Amino acid sequence: MISNGFYVYWLAPMPKKNSKYSIDLESVRRLWLHRQGLANPRERKLTKKTFVEHLECTGALQMDTINVVDRAHYLTLWSRFGVYNRSLPDQWIYLDRVAYEYWGHVSSILPASRLPLSRRAMLEYKYKDIYWGRPEPSQTSVRRVLRRLRSEGPLESGDFEKSPGGSGWWSWKEDKYTLEFLWSKGEVAISGRRHFRRVYDLAERVYPSGRTATTAEYEDSWLLTGLSGNGIASEKHLDNYITAPRLPAPDRRKVIARNIKVGRVVEVEVKGLDGTFYALPEHLEGLGRIPQPRGTTLICPFDSFLWQRRRAKDLLNFHYRIETTRLRQSESSDTT
């Protein structure tokens with residue numbers, strides 16, 4: 001057993017040369033449900049400990065503005081733990097600081113243990129044309145936002161004046177873009193929520209001090225976090241399960257190769273499915289002890305169980321699309 005500070009690895013005895021572990025499809029499904037906390041839904045109580053365990057296991061808890069039955073992160077927790085006090089997750093995140101908001105699978109709640117990895121993402125963040133064609137925020141806006149946060153303390157976007165002109169869903173004022181930009185860069189953090197509206201503050205007042213992961217550790221987290229949440233998965237099933245980092249195919253394969261080389265990850269053949277799958281050795285060691293799944297629950301479209309829609313189709317023959325985010329010219333997106 002070895003540890004690098006983020007993950008603990010069991011170095012498994014390797015199969016014979018040129019061979020792989022061979023696992024049946026039902027065991028793959030069972031391990032997937034187990035890692036997602038859905039094998040026996042709503043049988044455990046939501047506590048601070050089980051909340052953190054869920055984040056560590058799946059990697060993240062997605063947040064989304066769409067609210068039908070309930071907010072995505074609240075419903076995802078209900079799917080696993082049943083009825084709970086809605087104020088508790090907010091207390092654990094924003095007061096106890098056992099978790100924080102940043103990019104994980106898109107905008108997410110992440111376990112505090114992942115902060116060194118997020119610091120690497122913040123350090124390497126470069127503004128891209130992701131905000132619907134908006135240019136990088138002006139230095140005037142950056143200085144204004146930082147000055148007000150420094151002098152006034154936590155503020156919402158609504159506390160900043162609206163820029164002249166513009167209307168519509170994504171016609172944000174410049175200071176709103178600046179807050180998002182500085183959040184991605186790690187200069188600003190989300191210190192709380194008021195009726196789901198973000199409350200921003202200087203990062204130094206929210207994040208504890210600590211180390212920054214190396215680039216290699218950050219890249220490895222794509223694979224290791226994905227396998228933690230999915231159990232046994234192919235490269236295509238891990239693609240965009242975690243979107244920070246979002247690696248191109250050649251880099252993904254390099255990450256897989258180097259983790260196989262040192263024994264952190266092993267190759268698996270899944271009976272009835274084509275291609276190579278991967279797993280953490282400790283998951284294979286405990287595969288025979290996973291109980292038969294039982295029970296039913298309601299799953300949110302933004303649940304980590306469904307982040308990779310191609311995986312749901314391949315393993316469960318479950319095919320779906322979210323109409324509100326459906327691509328106009330293509331339906332090639334496989335992630336939520």
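A short reminder: the numbers here are calculations on the coordinates, not readings from a lab. Since we're looking at a predicted model, the values are computed, not measured. Don't worry about glycine lacking a Cβ; one is built from the backbone with ideal geometry, like all the others, and counts go over all protein chains shown.
Overview of results
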quantity	calculated
GluC sites (Glu not before Pro), loop per DSSP, at most 14 other Cβ atoms within 10 Å - longest free stretch of the chain	162-330
Computed [θ] at 222 nm, deg cm²/dmol, the chain (DSSP H ≥ 4; -39,500 (n - 2.57); rounded to nearest 500)	-10500 deg cm²/dmol
Dimensionless Rg ratio for the chain, taking C-alpha atoms and the 2.2 N^0.38 Å reference	1.03
Linear extension gain, Leu25 paired with Thr140, 0.36 nm per residue minus alpha-carbon span	35.7 nm
GNM top mover of Gly275, Gly37, Gly104 - the chain, alpha-carbon springs below 10 Å	Gly275
Nearest-ten-degree value, helix 72-81 long axis tilted from longest Cα axis of the chain	40 degrees
Positive-pole candidate from Val262, Tyr218, Pro250, dipole of the chain, charges at beta carbon	Val262
Charge tally in the Cβ shell below 12 Å around Glu235, where Lys, Arg are +1 and Asp, Glu are -1, Glu235 excluded	+3
The chain, relative contact order [Cα under 8 Å, separation at least 6], %	25 percent
Choice from Gly231, Gly286, Gly59 with maximal GNM fluctuation in the chain (Cα, 10 Å cutoff)	Gly286
Nearest-20 debye value, the range 77-126 charge dipole, Cβ charges on Lys, Arg, Asp, Glu	140 debye
Most mobile listed residue (Ser234, Ser22, Ser79) in the chain, GNM with C-alpha springs under 10 Å	Ser22
Extended-chain gain in nm, criterion 0.36 nm per residue less alpha-carbon gap, Ser87 and Ala249	54.3 nm
Set Lys271/Lys313; Lys128/Lys185; Lys48/Lys236; Lys128/Lys173; Lys126/Lys236 screened for pairs whose C-alpha atoms are more than 22 Å apart	Lys48/Lys236; Lys126/Lys236
